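Just below is one structure, and these are the notes that go with it.
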2 protein chains.
Amino acid sequence: MALELNLQNTELTGDEIAKLAEMRRVCARRILLSTSLAASGHPGGSLSTLDMLLVTYGCIKHDPKDSQWQGRDRVLMSIGHVSPGVYSVLAENGYFTEEDFLTGFRRAGSGFPGHVERIVPGVEWDTGNLGQGLSTAVGMAQAFKMKGSDQKVICYMGDGEQQKGQIAEAMRYANKYNLGNLIVIVDRNHIQICGTTEEVMDIDVTGLFEVSGWNVIKLDDGHDTNKFFQTFRKAYLGEVAKTDKPTMIEARTVMAKGISFMENLSKYHGSPLNQEQLAEAFKELGVDNDFDKWAELRKAPVATNTKMKNVVRYPDIVGGEPITYDSKTDCRSAYGNALHSLAKDNNVGGAIKIAGISCDLEGSVKMGDFHKHSPTAYFEAGIQEHHAASMGAAISREEIACFFSTFGVFAVSEVYNQNRISDINETNFKVVATHCGLDVGEDGPTHQGIDYIGLMRNYFRFNVYIPADPNQTDRVIRTATVDSGNVFVGMGRSKMAPILAEDGTPFFGNDYRFTPGKGDWVRSGKAGTIITYGAVTPNVMEAWQGLKDEGHDVGVLVMASIAPVDRDAIVEAAQKGPVLTVEDHHVDTGLGAIVATVIADNGLAATFKRLGVTRYGASGKPADLYASQDLDSAGIVKTFKEML
Amino acid sequence: MALELNLQNTELTGDEIAKLAEMRRVCARRILLSTSLAASGHPGGSLSTLDMLLVTYGCIKHDPKDSQWQGRDRVLMSIGHVSPGVYSVLAENGYFTEEDFLTGFRRAGSGFPGHVERIVPGVEWDTGNLGQGLSTAVGMAQAFKMKGSDQKVICYMGDGEQQKGQIAEAMRYANKYNLGNLIVIVDRNHIQICGTTEEVMDIDVTGLFEVSGWNVIKLDDGHDTNKFFQTFRKAYLGEVAKTDKPTMIEARTVMAKGISFMENLSKYHGSPLNQEQLAEAFKELGVDNDFDKWAELRKAPVATNTKMKNVVRYPDIVGGEPITYDSKTDCRSAYGNALHSLAKDNNVGGAIKIAGISCDLEGSVKMGDFHKHSPTAYFEAGIQEHHAASMGAAISREEIACFFSTFGVFAVSEVYNQNRISDINETNFKVVATHCGLDVGEDGPTHQGIDYIGLMRNYFRFNVYIPADPNQTDRVIRTATVDSGNVFVGMGRSKMAPILAEDGTPFFGNDYRFTPGKGDWVRSGKAGTIITYGAVTPNVMEAWQGLKDEGHDVGVLVMASIAPVDRDAIVEAAQKGPVLTVEDHHVDTGLGAIVATVIADNGLAATFKRLGVTRYGASGKPADLYASQDLDSAGIVKTFKEML
């Protein structure tokens, strides 16, 4: 029984207030029942946000019959653990039935997980790791603004959560880019798991939003639906002091509101009631105790959710004309040129299909031409990588291929967990790290990311490409843009000569097509194979020449596609002769480990060695660093000959 | 020619001011010369902080002849890129010669890297990734406070850097724990790589420190050595409004101060002068141009740094009496009990050798008893994992084994890059993740860390242990505490029965000793081997029984030590018969990949299969999640039989 509230009215009618009170009673019952049935979950915060959530869904544009309707406002639950409250309210609004929810909650294979996920109709984002949600909401608001839509984004946050530093980054960004279409509601119940927010880590929530330029409204009772309506309505209609700035409502609430013996107790953050307590609570609510009925229903096999989950929308992209380089070029310039070329072909006629983000490194990551071509699609996020990564993925779900570029240690290592949540959310995020490996050189070990494969392979939905030269970079970037889904592209920093075919022409020239999951035999050879990728490929080519000069007919297999990987080519190599992997990457977690897995999975007895980074690199020229770890041509030749 | 400044005086003498001006001239020359010689590096910020650094080293307690002197104050350079400035000032103070620095700077194998590292005498920490340094300084200050020492920590930060969210976390923590022994100097030159700080990402630096409860002092000219002395002296002597709170000095400076054509240009953040520009700059400084002499000297092979680097000090720890469990217990309770027992044996007579940190999860991670026993050694950091990880590692270098506990997704995935910097710094940090894998259950995929091995293996100096039951957990925790260095220990969430020997007694009982790098043959068998660890070990034992009942004599090798790993045992298994790995971890990046690497490295043709997590887990009971991915005993039996 959904309730539509008229924003033309400045306050609620008595009928509306009564209706909301009745909806609260129904939803409070569901919150308590669902968590007790599952014997786990978060009733306290669910009861804390409940009144505000009910009013919010009464005010916003949404369509329970079509949760995918593109015109809808977005509600982003940064506090993903209040799922019982969210599902209760969505059920009340007709997105699904109470039975779906109560029989499925927190059961493996059902559509109603412990933290909110898109598999539930009406849920916009799989959340749960605190501190990331505001960045996600900022990304959605940025996408709407970019597209000229007046849709709003409402983000629900906790007060304990405010301790996470990423939130400070998101606040600043939303201020800089004037996201007046963003409303944050902080559920200020002063309770977190280990006590009051003051005991655990005191924080001036409104002070921090104010310092960051936001409109801030304090509401003394977030359970007073009429007061909340009056406040929310002003924020929604832009009746605020700074109309071009986002608005934060800090609403004083009570943890576990409405059940006398639960209120203000931190234990009910994450603990359900037992059956006696539930009976008591139901008495207070004045509802029948039908726990046993539902417990019985939950003994049936779990019903698979047949509803359509909230899908990410991918843009149609034109790949354009490849650019071929025949002189020394850095891969990052080839990336910048490809991105610029793609923008010229796709960001046309006011449409934005490709966006770009960097963090105080526009020049280093070669996004300057893209920025000039598509100024409204380029975002300088400052030195705020956590925010930038979360935001970029959220932008990418609105029919935009969103590129995020910085050094490998920041694009991969620093934001590993942000990218993990984007992986779970099946976005269209393109992470391009322009400075990977020892090739970073003089900046030393803190700046040399040697774990980009080792980390990215822990995701299930990121393709991972590491091109071998500027030409392959151009092709890889075009493929990564045209294809939907998350992609990581890594490259070194230095200029390099294009890899040549034996006839002296660019191997990755105009006729070359990059195919995910396919390796490239740059040289064929019967005496064994060197498998490589990325910045050390020129060293491998030099080693190939050295071995050839000594009469060894060696093949070179370039593996730009790391995930998916060309398992057939690896098997072919291992059956042919000795296999040596060479990479500017931690020796135990990169391509060498992947090749080892393919060999072992296939039960092959191969002569096999791995060359890679075996200790943190020093600060110095890449050539010296490579030589010190046997990754120069001499080291490669020597190691290969040991296998013969 | 070091200069000692007397803090009893309220201002500098004319002689001192003149001496500092001359020191500046000498150091400015070194900054420009070193970066031009290396053709890379950061002259701008080095010239910006130079005057303040010179005064700071005149004021603090330190001993250039013994950079390891325990009574010294600590200077933490969060802006690690201003290494030319730091090395120049340290040379001026007699830590090493100018020649050492100028011939070695940014050359592979030398002792003078591009970002400051402990290999340079006088440098306290390898830094370079912005935003982490304040947390490190907070850790040092917390360690001094814990030990009752009046030593001070001085942290130099950039203003662009203030954008990083982790800094907000560190500010709050330093306020909560009253770290009045901490002084932060923000080099406020308003320039970052992509423009002014206002253009890139505007931020009210002093406003944020004020909101977080700090003493804030604004200084209008950080190049006026007398003014800076007067300001710094007050902060150092505690002559501030809130004596128990940390103090931040925001000093207005000029990027590349002192060279007219470089001043205020963001390009000089990270670009050196070419030779013509250098000649011009040297004219302005009034110094001889000896570039060619030094360039010639740099052609000689790099001199290896023979100085002692700044070592981490490890405590002597007593391992105590093991605790053996014979009924169902969760590993995290065994961890909590072991930690409590270790505290009772080691945190005695006022000494603190073991410290603990958690992030709003004290109860879940079972640190309550430790907290009660050692209240001054337990720190509740709030929901601020980035800060907690950086801080904990810094605490650990002061003869303390510092434990940091939270869920796997937060202890590993969220703070991967913070732990990477701790790995580089060779600390004594003990990261214990109490909720790993699908065993986390109903909280769903955002909370199920299935990458803890895949990530931790990218470090070079973290041992990685995943115990199989509460008894092995007890032994592993004791070993991890007694042994020096970084250790990760991961475990599941659920209660489990102890693993039994064939005679029905606890396998990891009183006689068991855990040895890093050694696997445990829990069952011997000739028909093949199942290699496993952690929360799925009971499922493997059940499968072993099932296979035995069907007449298959299978061995079970429990690999609690993942890094280092027992390569010999793996080879033995692979030579014996089929090998199946079973793990509650991403199937491609965990133990299965390690075993594959050992098999392939040794050229063995083994019958080999890997069972693990092949897709994100659902929200539900661990048993259901295991069954859905063939990680229950039925799935293990079925898979093993496919190999026979």
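The values are calculated or read from the model by the stated rules, or taken from the named source; none is laboratory data. In this text the structure is predicted, and so the values were computed from the model without any measurement. Because the Cβ atoms are built from the backbone with ideal geometry, glycine has one as well, and the counts that use them run over all protein chains shown. Surface accessibility is based on the protein's heavy atoms, side chains included, excluding ligands, DNA and RNA. Shrake-Rupley method; radii C 1.70, N 1.55, O 1.52, S 1.80 Å.
More than 21 angstrom separation, counting every C-alpha pair in the stretch B:339-412; what % is that? Mind dumping the intermediate values first?
On the way: 520 of 2701 pairs.
Tail of the P(r) past 21 Å holds 19 percent of the pairs.
In the protein assembly as shown, carbon and sulfur make up what percent of the accessible area (probe 1.4 Å)?
Working: 18590 of 39070 Å².
Reported share for carbon and sulfur atoms: 48 percent.
So what are the stretch B:262-388's ellipsoid semi-axes, whole angstrom, largest first, if each one is the square root of 5 times an eigenvalue of the alpha-carbon gyration tensor?
Values: eigenvalues 640, 87, 40 Å².
Working from the Cα gyration tensor, I get semi-axes of 57, 21, 14 Å.
How big is the accessible area of A:Lys518 in square angstrom, nearest 10, if you roll a 1.4 angstrom probe over the protein chains?
Estimated to the nearest 10 Å², A:Lys518 gives 110 Å².
Excluding B:Leu500 itself, calculate the net charge of residues whose Cβ lies under 15 Å from the Cβ of B:Leu500, where each Lys or Arg counts +1 and each Asp or Glu counts -1. Don't skip to the answer; put the middle values down first.
Working: positive: B:Lys328, B:Arg523, B:Lys548; negative: B:Asp326, B:Asp469, B:Glu502, B:Asp503, B:Asp511, B:Asp520, B:Glu542.
Overall, the nearby charge balance is -4.
Heavy-atom accessible area of B:Asp588 with all protein chains present, probe 1.4 Å, nearest 10 Å²?
Its heavy atoms expose roughly 50 Å² to the probe.
Measuring from a point 7 Å out along Cα→Cβ, what nm distances, shortest first, does A:Lys638 have to its partners in the other copies?
Once sorted, the set of distances for A:Lys638 reads 5.1 nm.
Counting protein heavy atoms only and a 1.4 angstrom probe, how many square angstrom of accessible surface do chains B and A bury in total, to the nearest 100?
Details: alone 23470 and 23450 Å², together 39070 Å².
Accessible area lost upon association: around 7900 Å².
Kindly identify residues of the stretch A:100-142 having a loss of at least 20 Å² in accessible area between the isolated chain and the assembly of all protein chains, probe radius 1.4 Å.
Those are A:Arg106, A:Ala108, A:His115, A:Glu117, A:Asn129, A:Leu130, which lose 20 Å² or more relative to the chain on its own.
Taking Cα pairs under 8 Å and at least six residues apart, what relative contact order does chain B come out at, in percent?
Values: 1431 pairs, mean separation 72.6, N = 644.
It rounds to 11 percent for chain B.
DSSP beta bridges in the stretch A:329-496, what fraction antiparallel, as a percent rounded to 5?
On the way: 2 of 23 bridges.
In the stretch A:329-496, approximately 10 percent of DSSP beta bridges are antiparallel ones.
Give the Kirkwood hydrodynamic radius (Å, one decimal) of the stretch B:525-644, defined as one over the mean of 1/r across all pairs of different Cα atoms. Mind dumping the intermediate values first?
Details: mean 1/r = 0.0705 Å⁻¹.
Its Kirkwood hydrodynamic radius stands at 14.2 Å.
Along its three principal axes, how long is the stretch A:161-300 when you only count alpha carbons? Whole Å, largest extent first please.
On the principal axes, the stretch A:161-300 reaches 53, 33, 33 Å in Cα extent.
Using the heavy atoms of the protein chains and a 1.4 angstrom probe, tell me the accessible area per residue for the protein assembly as shown in square angstrom.
Details: 39070 Å² over 1288 residues.
With the other protein chains kept in place, the protein assembly as shown gives 30 Å² per residue.
Mind giving me the FRET efficiency for A:Ala605 and A:Asn264? R0 is 51 Å, r the Cβ-Cβ distance, nearest 0.05 is fine.
For A:Ala605 and A:Asn264, the calculated efficiency is 0.15.
Can you give me the angle between helix B:591-601 and the longest principal axis of chain B, using Cα atoms only, in degrees from 0 to 90, rounded to the nearest 10?
Compared with the principal axis, the helix lies near 90 degrees.
Where both residues lie in the protein assembly as shown, what percent of DSSP beta bridges are antiparallel, nearest 5? If you can, show how the numbers build up before the last one.
On the way: 20 of 132 bridges.
Close to 15 percent.
Take the Cβ-Cβ distance between A:Ala497 and B:Asp202 as r, set R0 to 41 Å, and report the resulting FRET efficiency rounded to the nearest 0.05.
Details: r = 43 Å, r/R0 = 1.05.
Given R0 = 41 Å and the Cβ-Cβ separation, E is 0.45.
Using the per-residue mean of other Cβ atoms lying within 10 Å as a proxy for protection, in what order, highest first, do the peptides B:397-403, A:187-193, A:373-379 fall? Let's see the in-between values first.
Working: B:397-403: 25.4, A:187-193: 23.9, A:373-379: 18.3.
Top to bottom by mean Cβ count within 10 Å: B:397-403, A:187-193, A:373-379.
In Å, the Kirkwood hydrodynamic radius of the protein assembly as shown over pairs of distinct alpha carbons?
Values: mean 1/r = 0.0316 Å⁻¹.
One decimal place: 31.6 Å for the Kirkwood radius.
Which residues belonging to the stretch A:342-388 lose at least 50 Å² of 1.4 Å-probe accessible area when the assembly is complete, relative to their chain isolated?
A:Asp360, A:Ile383
Assuming 1.002 mPa s and 20 °C, estimate D for the stretch A:403-442 with Stokes-Einstein, Rh taken as the Kirkwood radius over Cα pairs, in µm²/s. Walk me through the intermediate numbers first.
Details: Rh = 10.7 Å.
It comes out at roughly 200 µm²/s.
Using DSSP to define loop residues, name the chymotrypsin sites (Phe, Trp or Tyr not before Pro) in the stretch B:233-271 whose beta-carbon has at most 13 other beta-carbon atoms within 10 Å. Please report the intermediate quantities before stating the final value.
Numbers: sites: B:Tyr236, B:Phe261, B:Tyr268; in loops: B:Phe261.
Listed in order of number, the matching sites are B:Phe261.
In angstroms, what radius of gyration and Dmax does chain B have, counting Cα atoms only?
Considering chain B through its Cα atoms, Rg and Dmax are 27.7, 93 Å.
How big is the stretch A:87-155 on each of its three principal axes, counting only the C-alpha atoms and giving the largest first in Å?
The Cα atoms of the stretch A:87-155 stretch 41, 26, 16 Å along their principal axes.
When the accessible area of each residue in the stretch A:580-605 is compared between its chain alone and the complete protein assembly (1.4 Å probe; ligands, DNA and RNA ignored), which residues differ by at least 30 Å², being lower in the assembly?
A:His586, A:Asp588, A:Thr589, A:Ala596, A:Thr597, A:Ala600, A:Asp601, A:Gly603, A:Ala605
With label points built 7 Å along Cα→Cβ from the Cα atoms of A:Ala351 and A:Asn274, find their separation and express it in nm.
It is 6.2 nm.
When the chain is fully extended, how far beyond the present Cα-Cα distance does B:Glu542 get from B:Ser333, taking 0.36 nm per residue of separation? Could you put the intermediate results ahead of the total?
Details: separation 209, 0.36 × 209 = 75.24 nm, distance 2.35 nm.
Roughly 72.9 nm would be gained on extension.
So for chain B: antiparallel DSSP bridges make up what percent, rounded to the nearest 5?
Values: 10 of 66 bridges.
Percent antiparallel among DSSP bridges in chain B is about 15.
Along the Cα→Cβ direction, 7 angstrom out, place labels at A:Trp521 and B:Glu296. What is the inter-label distance in nm?
For A:Trp521 paired with B:Glu296, the spin-label model returns 5.6 nm.
Relative contact order of the stretch B:55-167: what whole-number percent is it, with Cα pairs under 8 angstrom and at least 6 residues apart? Provide the component values of the computation, followed by the final result.
Working: 164 pairs, mean separation 35.2, N = 113.
About 31 percent, as a whole number.
If I take every Cα pair under 8 Å that is 6 or more residues apart in the stretch A:532-575, average their sequence separation and divide by the length, what percent do I get for the relative contact order? Before the final figure, lay out the partial values.
Working: 20 pairs, mean separation 16.6, N = 44.
The normalised contact order for the stretch A:532-575 reaches 38 percent.
Limiting things to C-alpha atoms, what are the Rg and the maximum Cα-Cα separation (Dmax) for the stretch B:329-496, in angstroms?
For the stretch B:329-496, the Cα radius of gyration and maximum Cα-Cα distance read 14.2, 45 Å.
What does the copy distance list look like for A:Gln68, label position 7 Å along Cα→Cβ, in nm and ordered from shortest?
6.7
Quote the accessible area belonging to B:Thr589 in square angstrom, nearest 10, computed with a 1.4 Å probe and with ligands, DNA and RNA left uncounted.
It works out to around 10 Å².
Please work out how much length the chain gains when fully extended from B:Ala39 to B:Thr376, using 0.36 nm per residue of separation minus the C-alpha to C-alpha distance, in nm with one decimal.
Values: separation 337, 0.36 × 337 = 121.32 nm, distance 4.90 nm.
That works out to 116.4 nm of additional length.
Past 28 Å, Cα to Cα, is the threshold; run A:Lys164/B:Lys267; B:Lys366/B:Lys638; A:Lys164/B:Lys227; B:Lys328/B:Lys366; A:Lys218/A:Lys245 against it and keep the listed order. Before the final figure, lay out the partial values.
Details: A:Lys164/B:Lys267 33 Å; B:Lys366/B:Lys638 37 Å; A:Lys164/B:Lys227 36 Å; B:Lys328/B:Lys366 16 Å; A:Lys218/A:Lys245 16 Å.
Violating the 28 Å Cα-Cα cut-off are A:Lys164/B:Lys267; B:Lys366/B:Lys638; A:Lys164/B:Lys227.
Which entries of A:Lys548/A:Lys576; B:Lys65/B:Lys257; A:Lys495/A:Lys621; B:Lys526/B:Lys548; A:Lys495/A:Lys609; A:Lys145/A:Lys353 show an alpha-carbon separation above 19 angstrom in the structure shown? All intermediate terms of the calculation are to be shown ahead of the outcome.
On the way: A:Lys548/A:Lys576 17 Å; B:Lys65/B:Lys257 30 Å; A:Lys495/A:Lys621 13 Å; B:Lys526/B:Lys548 11 Å; A:Lys495/A:Lys609 28 Å; A:Lys145/A:Lys353 14 Å.
Where the Cα-Cα span goes over 19 Å, the pairs concerned are B:Lys65/B:Lys257; A:Lys495/A:Lys609.
Assuming R0 = 56 Å, what is the FRET efficiency of B:Lys283 and B:Asn9, from their Cβ-Cβ distance, to the nearest 0.05?
Working: r = 35 Å, r/R0 = 0.63.
Once rounded, the FRET efficiency stands at 0.95.
Determine the order of A:Glu99, A:Glu4 by accessible area, beginning with the largest, at a probe radius of 1.4 Å.
Values: A:Glu99 100, A:Glu4 170 Å².
Output order, biggest surface exposure first: A:Glu4, A:Glu99.
Angle check, please: helix A:537-549 long axis (alpha carbons) against the longest principal axis of chain A (alpha carbons), in degrees 0 to 90, nearest 10.
20
Take peptide B:210-220, look around each residue's Cβ out to 10 angstrom, count Cβ atoms belonging to other protein chains, and average those counts.
2
Can you give the calculated 222 nm mean residue ellipticity of chain A, where each DSSP H run of n ≥ 4 adds -39,500 (n - 2.57) and the sum is split over every residue, rounded to the nearest 500 deg cm²/dmol?
Values: 22 runs with 240 residues, N = 644.
Rounded to the nearest 500, the figure is -11500 deg cm²/dmol.
Where the only charges are on Cβ atoms (+1 Lys, Arg; -1 Asp, Glu), what is the dipole of chain B about its Cα centre, to the nearest 20 debye? Intermediate values should be presented prior to the final figure.
On the way: 63 positive and 81 negative charges, 124 e Å.
Using Cβ point charges on Lys, Arg, Asp and Glu, chain B gives about 600 debye.
Would you mind listing the distances between the B:Ser149 label point and the same position in each other copy? Use 7 Å along Cα-to-C-beta, nm, one decimal, shortest first.
For B:Ser149, the other copies' label points sit at 5.7 nm, shortest first.
For the stretch A:60-96, which chymotrypsin sites (Phe, Trp or Tyr not before Pro) pass both filters: DSSP loop (anything but H, G, I, E, B) and at most 11 other C-beta atoms within 10 Å?
Working: sites: A:Trp69, A:Tyr87, A:Tyr95, A:Phe96; in loops: A:Trp69, A:Tyr95, A:Phe96.
Passing sites in the stretch A:60-96 are A:Trp69.
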